[in-house]
Amino acid sequence: MVSLTTLYEITFGGAILAFIAQHTIKQLRTFIVIVTSALGVYIVWRLPSQATDISFRLGDFQILWGVNEYSQLFALLIAVLGFFTLIYSIDFMKERERLGYFYMNFLIVIGGMYGIVYSQDLISLFFFWEIMTWSSFMLVIYCCDDAQSIGLKYFVFSAIGAYAMLTAIVLIWANLETTSLSVLFENFTNLSSGLQITVIVLFIVGFGVKSAMMPFHVWAPDAYAISPTPFTALFSGALSKMGIWGLGIVLLKLAAQSGFYVWVQDIVAWIGAITALLATFYAIVQTDAKKLLAYSSIGQLGYIIVGLAIGTPLSIMSALFLAMLHGIFKAMLFMSAGAVFYRTGSTDMNEVTGLIRKMPWTFLTALFGIITVAGVPPLGGFAAKWMLYEATIQSGHYFLVIVLFAASTAAFLYLYRFIFSLFLGQEEKEYADIKEAPLTMTVPMVIMALFTLVVGVFPGIFINPIGNAMGYFGNYTFNWDVSSLLNEWGNHVDMMTVVMTIGAIFIIAAIFITIKNYRTTRYVTTKDIHTSGEIPTENENLTYAVDFYKPFERAIAPVLKRSIDKTYNLIAENLESAFDFLRYVYTGNGQTYALYVVLFLAVLMVFAELIFGIQL
Amino acid sequence: MEINWSSVIGIVATPVIAFIVGVLYGGAVRKITARVQNRYGPPITQNLFDIIKLYSKKTAIQHGVMQHLGPVFAITASVTSLYFIPVIKDSPYFQNFSFNGDLIFLLYMMVFGSLGMALGAGQTGNPNSAIGVSRGLSQMVGYEIPFVLALVAIMIQFKTTSLNELLAVQDHFTNWIIFQSPLAFVAGILAFLGMMHYAPFDVVIAPAEIASGPPSEFGGKYLGLMMTSGSIFAFVKLVLFVDIFLGGASDFITLIIKTFLLYMIPVLTGIVSPRFRTEQSILFFWKWPTFIGILAIIVVVLNG
Amino acid sequence: MYNDKDAKKIVDIIQSYARKHSLWVVAYGTGCGAIEIPPTMTSRYDAERFGIRGSATPRQADVLLITGYLAVKTLKRVIRTYEQMQAPKFVMGFGSCTINGGMYWDSYNTINALDRYLPVDVFINGCMPRPEAVISGFIKLQQLISEGKAEGAEKYLKNLEWYRENQNKVIPNWNMPDYNW
């Protein structure tokens, strides 16, 4: 029962069934969707012990699907995130229209991603890649007024990526006559060096688009912000990881064999670091929570790209660790933003304030999320950041690490703004009767939040499977204790000691502050604040949220002035005017076209005689 | 399991000593400031009285659980960072957990408290608190960069990220990192000015401007815990810098002398300085200190 | 000697000593008298040597210093500020205006006697009192604290109705939140 074909059959079949159920028996739809994704988790979990490679011929091409530790890592992330986001979507999407369309595409995206990570040849990789792109495009344009232009932007960039990838595949087929990944890895050095670098660059572009690498990131903020939140969580959490999955293969399996490896490493690492820094700066100046998280997502993917590009065991470990963790914490953050949207109808950070007492579980998730993103111990993010910095320093990328540090310190700014604007600050009358999000939304969020804590205490539960997955790239051994982190100079951090210390002091101090003057400590509302004796009225909102980081914006103004998005628009405008002359050619008038035909024939006759010596 | 009594004593005693030293330093700073301004000044124990008074306030208010826990986050960060720093070199009592952490861990641990405090201050709903937090976080991005540059220069020079190994390198007066890597020290000390939040980088607290900023809604026991944490944290930062640059200390008297002299740098700069605006202080840190830090790394790389 | 009663006393002694030597004055100048505060705090008279320090917000403060006449509008803000302070808290009336209205005794919009509206612990006489007088007022307050006689906060709570009645009489648009200590 447990095999790749069953996985594909169940997922894609579930997608179609969900669509049919929507139009016949609506009650069944949710059931089908949840069961499908749950079965997906089960099958992916059971796969490594039982699955065999599946291979069949399609025309000239040998199609090959198979399971390895590396794909298993990503498949598990997809399956678990898919399951959680679908549970989350039950209540979130309840009131929406066209749910059959939504759930069908949602499951197809999941199926497409399974297909990508399990494909062992380039043809099925490309095929599933396009399935994923198309169905995610459908979900991006699912709602809202400006979905058209945003969807178009996403689609244009996906197309660029896809054609880059297709060109690379054609080049490989033309020169090596194979589409199998393993054959490609073995024979890659047989290609001429010019061809090698072309293939590498084309693949990096292809995968870089999906992983929102600069300068191909411009689709991401808008597409993330506009797609329905349950899908955004998957979009940012798992779908962008497909780009990382591919970049891992390209950088560590292909580029590592070529003579340009050092150059590729440095360039990609710097692109990643600059992506991280600039995306962080843009995130700071956003006013929409989802857009902020979208930029944050781009920044985090930048870190992952740096880790992959550096290519030492520790840095690959940190990259994959962060990739897995990013899937979880970014889903958490998007889900909490979505829960706020579900209750208040807005994610505008200038508008929504003071939800902490109304939505405590959502706040808790957001809190764990931001602590994980910030990389502050004791949660899981620390382990990833720590390994990345150590690896970057020890591999001699000294200035890279400064850029990364700057980005991660600046990340505190937008993270704080996210949690402050939505949950803290003045409690407003407008949001006085907001309730906590329904259980289907809070339960997945809180489970993931607790998981980040577990990963923080025992990074080993991530490190060991990732260490196995890294067997795909070469012989790496990580014989670490379950709770310790180790760098290449032999320095280590023992997370168990750290967490015990933090926990003990925190609990002692919390008990002390609670017991002390317990009876004479009083809760007062956020209207009862020191305002120089003035008494704010109920409708007066004193939250400092608009232009929260104005001083910082002033400091980084020169950076913000130039945006890549604007550059693209400028290019597009110039192209538009450049191609304007075509309008004079294609007038749309039948007589003109007739004239062209006559002219063409005349020219043909003249030239045919001259060049080919044929008498007509 | 055998209990190592010397480390147990250390774990109990270190925060107490750090608190006492930090509090007395705080008082001494007030006294010195007063003398510079031609005043008599409060007694050196003044900060201790203030803290006891704050704890003995009979009532307190809170705006919610995050404000209630804000000072708890702060003290957790202070004491945890303290435990992961070797206070006295080679002493069995004051190593605590310093073998289980390293510099990058400390960098992040020291932010933990600020983040918790920022969350606590955020929940009060006081606009002044939020303004203070916004300024503080922005300024942090400023001074972290030269600080990290200095640390990276040292890490690559001595090929370690562990404080204990850095201490082992500085076994003799002439081997102190301040002499081995003076540029890193300059970058580090300029960042240190920002970390201590004395003028000209005191825009976060700015009592006359934004009513003391983040702590403006904290009173009584909450402010008391914050001041306790602040005293310990000042000591933590001083010991960290002494350990990194000045060869650590093998006894208390050396520790006191070194930390006190180091402390005087931000304090004396602060007394005679006006206040930078936030973006001015960010750009200050991104100019000369960053340049010197980059120079420090280049020198290390060139020297092999 | 060291029975429970005495032990409690020792804690009390430490607490009252600390309270006495750490008086944070909320920075709120009400009338013309606020001009005397800067010289009191700065190098000429240096009140900090007694542990007297300005504090930015009433949440952190111990002492509310009413520096001079109180317009009715200001009175409302003063009451608000006082109620936001945390016990134990002390009020000092500064200058003749707070005692009997001083030169504004027949003004249409100032109050005459501060202690009808807030529990005053120490009055400082004069128009204006010089910094020496202010400091002597603080020292008197310190004496009262160490003797346990400065209990304005309890007095206010006990006679809240009476204070509220007086306050309501002069303040026309009363919209203060309840004081629930």
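Here, each number is a calculation from the coordinates, and none is a lab measurement. Everything quoted here is computed from the prediction, not taken from an experiment. Please note: Cβ atoms are built from the backbone with ideal geometry, for glycine as well, and neighbour counts cover all protein chains shown.
Data overview
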read-out	value
Sites A:PHE600 and A:GLU573, calculated FRET efficiency, Cβ-Cβ separation with R0 35 Å, nearest 0.05	0.60
The protein assembly as shown: C-alpha gyration tensor shape, a/c 1.5 cut-off, then a/b vs b/c	prolate
Distance violations [Cα-Cα > 22 Å] among B:LYS58/C:LYS76; A:LYS527/C:LYS149; B:LYS53/C:LYS76; B:LYS31/B:LYS258; B:LYS53/C:LYS9; A:LYS516/C:LYS89	B:LYS58/C:LYS76; A:LYS527/C:LYS149; B:LYS53/C:LYS76
Most mobile listed residue (B:LYS58, B:LYS31, B:LYS221) in chain B, GNM with C-alpha springs under 10 Å	B:LYS58
For the protein assembly as shown, Cys with no neighbouring Cys Cβ under 4.7 Å	C:CYS32, C:CYS97, C:CYS127
Pairwise label distance in nanometres, B:LEU302 with B:SER250, each label 7 Å out on the Cα-Cβ vector	3.5 nm
Shielding by other protein chains, C:14-24, mean Cβ within 10 Å	5
The protein assembly as shown, dipole about Cα centre (Lys/Arg Cβ +1, Asp/Glu Cβ -1), debye to the nearest 20	2820 debye
Tilt relative to chain A, helix A:99-118 - C-alpha long axis, 0 to 90 degrees, to 10	70 degrees
Estimated 222 nm signal from helices in the protein assembly as shown, with DSSP H stretches of n ≥ 4 weighted -39500 (n - 2.57), rounded to 500	-21000 deg cm²/dmol
Rounded FRET efficiency, nearest 0.05, which uses the C-beta distance separating C:ALA113 from C:ASP178 and R0 of 25 Å	0.50
Span-like helix ranges in chain B, DSSP H, alpha carbon extent 20 angstrom or more, Kyte mean at least 0.0	B:5-36, B:65-83, B:103-123, B:127-158, B:220-245, B:252-271, B:288-302
For chain A, diffusion coefficient by Stokes-Einstein and Kirkwood Rh (Cα), 25 °C, 0.890 mPa s, µm²/s	94 µm²/s
Cα gyration tensor, chain C - rounded (a/c under 1.5), prolate or oblate	oblate
Average partner coverage of B:270-280, which counts Cβ from other chains inside 10 Å	2
Tensor-based shape of the stretch B:196-240 (alpha-carbon gyration tensor, a/c under 1.5 rounded, otherwise prolate or oblate)	oblate
Estimated inter-spin distance, B:LYS287 and A:LEU560, nm [label 7 Å along Cα→Cβ]	2.1 nm
Share antiparallel - DSSP beta bridges, the protein assembly as shown, percent rounded to 5	45 percent
Eligible lysines near A:LYS385 by straight Cα distance, threshold 25 Å, same-chain separation 8 or greater	A:LYS210, A:LYS241, A:LYS253, A:LYS290, A:LYS291, A:LYS330, B:LYS159, B:LYS237
Among C:PHE90, C:PHE50, C:PHE123, residue whose mean-square fluctuation peaks in a GNM of chain C (springs only between Cα atoms under 10 Å)	C:PHE50
Gaussian network model of chain B, springs between alpha carbon atoms under 10 Å - residue of B:ALA184, B:ALA60, B:ALA249 with greatest fluctuation	B:ALA60
Acute angle (nearest 10 degrees) that the helix A:122-140 long axis makes with the longest principal axis of chain A, alpha-carbon atoms	60 degrees
For B:71-82, mean number of other protein chain Cβ atoms within 10 Å	5
Cross-link partners of C:LYS155 among aspartates and glutamates (Cα-Cα below 14 Å; sequence separation of 8 or more within a chain)	C:GLU83, C:ASP115, C:ASP121
